[in-house]
Ligand code: CUK
Ligand code: CUA
């Protein structure tokens, strides 16, 4: 007992005070609480390792995909306290994302062929990089269902851009920044024609294509430059997860694929069902491409084909310039993860118990010597698997994804089928430890664990099933993030966090000290553009302007009134309301809605936002501030009067 209390006390207070606390606690309140709640000493130690006292700050901040919710979840580590949901591909009501005009403009950038899309399937968030290290400026995340990439500013944790992929029809293998955020990699998934035409499935091999889009990124302003972006055409092998080279492999990209069989279910009558048809071959292909060279090539018109206004570098051009290669990898792979120095590339295959560690210097040698093991049906050179491999490590059933720690050669891999995290060394190929997780882990998230500067300390297991871990809330269970301490020789599972917002496919963590979000905006800021809003209104400038049936209201909000407090319009008028929050005090947010009009805008200090509606219903409609902002919050209101002239 005393030994455990000493350990606990040293966690809490450091070793010098340990003895004192142990003797005080052993007879006292702590033991009573433990007894009452049925807690073990191990529980108490884990609680102490994750407990964040009131007002405290976490060491790391995690950005997690919210899967089918189309959003991003932000939480702290080690406390696992949820801090924010960021609306990305789907509306987010609290901040009025999708309910005010500025955010609608961002959401509507995600329209496809004129169609509004309000649902998204977020998979892989990525943090912008400088020299392969996170710079804390931008977050990118992909939508798999309707291939799009969103850019979120870490100055205010708001979505600022959605870029639609003009040629892909689904995309899983994004987003991944190159080491200086020059580009964001997005790989296609289910092959389809690049154009928008119908093509019968019998033409799969000729007309259907996979590929990798290199989104040009301007990290100064945090925007994807659509016209400077290009796509590398690839065979219809169903490209998947990707990673950018860094350090010694900077300038190159790596993308997995499955279905090298090009099985479609429709071509080969009498074939076994999809699952078996798509994994008949023992190996699929790791795509290795020199994006730096391809970007240069794409500048010359004669090297590209333009589809939907977007530049494509065809496979034969890439092959001719020795910029695209294939390497066999164990079938049905999932993650491909480049080591912090860029020399080792670890690929895990769901149907293989091994992780395959490729060595960049070996790959480079094969490329330089033009020693190819053969060519695929599209003429792409294949490099010999054995000669590219550093080695393979037997890890367990269903290895999926990898994260690195701050210890040389140390890597953590999720085992989907075994429901475990395995710690091993990708240089020695030795397995070091395993820990059970609950259950069916997909990705895992290390602390800056995929950057050039991993921090160690923790990994988080992002689990697909929870079954018996939480209070049941119906047949659909929350999904689970489990925090694991990796600072010792053995891993230790510290904390279970349920997230009721969708599947946490992937998450990225950054040191909190790297983030410096705004406290307030410069007065009159349009937060979706970062520029001063045309509707900026200062105290004394409030007014209502009419031009025909168009009514424009320039309003201010400040404790504790909305000015103007009365707006009278005619039925059928088109009303635009610009609202500026004049507050400078921290966290003094107001927000605005009008009864029965389906609008909402959140107004953080200094922000100007707007709502727009047609006053098509006659009547009296209260409007009010929706944030409990002061003692006179309920008084912060007014009336929209709509009369039939
Ligand atoms: S994830 Cu998208 S299927 Cu393993 Cu990257 Cu869940
Ligand atoms: Cu402002 Cu409530």
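Where a number appears in this text, it was derived from the coordinates with a stated rule and is not lab data. The structure displayed is predicted, hence computed values, not measured ones. With ideal geometry, Cβ positions are generated from the backbone for all residues, glycine too; neighbour counts draw on all protein chains shown.
A compact table of results
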{"quantity": "For the stretch 495-550: rounded, prolate or oblate by the Cα gyration tensor [a/c cutoff 1.5]", "calculated": "prolate"}
{"quantity": "Beta bridge orientation in the chain: antiparallel %, DSSP, nearest 5", "calculated": "90"}
{"quantity": "Extension gain from residue 519 to residue 586, taking 0.36 nm per residue of separation minus the Cα-Cα distance", "calculated": "23.5 nm"}
{"quantity": "The stretch 370-402 versus the stretch 175-241: alpha-carbon centroid distance in Å", "calculated": "22"}
{"quantity": "Normalised contact order of the stretch 532-643, rounded percent, pairs of Cα under 8 Å and 6 or more residues apart", "calculated": "28"}
{"quantity": "Cα-derived Rg over Rh, computed across the chain with Rh taken as Kirkwood radius", "calculated": "1.02"}
{"quantity": "Separation of the residue 219 and residue 282 label points, Cα + 7 Å toward Cβ, nm", "calculated": "4.2"}
{"quantity": "Fraction of the pair-distance distribution of the stretch 265-394 above 24 Å, Cα-Cα pairs, percent", "calculated": "41"}
{"quantity": "Residues 511, 546, sorted so that the one with the fewest Cβ neighbours within 10 Å comes first", "calculated": "546, 511"}
{"quantity": "Relative contact order of the chain, defined on C-alpha pairs under 8 angstrom at six or more residues apart (%)", "calculated": "10"}
{"quantity": "Relative contact order (%) - criterion: Cα under 8 Å, at least six apart; region: the stretch 203-246", "calculated": "43"}
{"quantity": "Anisotropy class of the stretch 98-213 from Cα gyration tensor, a/c 1.5 cut", "calculated": "oblate"}
{"quantity": "Residue order, fewest to most surrounding Cβ atoms within 10 angstrom, among 630, 79", "calculated": "630, 79"}
{"quantity": "Least to most buried among 390, 334 (fewest other Cβ within 10 Å first)", "calculated": "390, 334"}
{"quantity": "Principal axis dimensions, the stretch 44-90 - Cα atoms, whole angstrom, descending", "calculated": "39, 19, 14"}
{"quantity": "Förster radius 22 Å - calculated FRET efficiency between residue 375 and residue 228 (Cβ-Cβ, nearest 0.05)", "calculated": "0.10"}
{"quantity": "The stretch 520-573: equivalent-ellipsoid semi-axes (sqrt of 5 x gyration tensor eigenvalues, Cα, Å)", "calculated": "23, 15, 9"}
{"quantity": "Sites residue 385 and residue 109, calculated FRET efficiency, Cβ-Cβ separation with R0 45 Å, nearest 0.05", "calculated": "0.60"}
{"quantity": "Cα centroid separation, the stretch 25-101 to the stretch 106-165 (Å)", "calculated": "24"}
{"quantity": "Inter-centroid distance (Cα atoms) of the stretch 288-328 relative to the stretch 563-641, Å", "calculated": "51"}
{"quantity": "Label-point separation, residue 618 to residue 36 (7 Å along Cα→Cβ), nm", "calculated": "6.4"}
{"quantity": "From the C-alpha gyration tensor of the stretch 63-150, square roots of 5λ in Å", "calculated": "23, 16, 12"}
{"quantity": "Cα-derived Rg over Rh, computed across the stretch 532-643 with Rh taken as Kirkwood radius", "calculated": "0.95"}
{"quantity": "Per-residue [θ]222 nm for the chain (sum of -39500 (n - 2.57) over DSSP H runs n ≥ 4, rounded to 500)", "calculated": "-3500 deg cm²/dmol"}
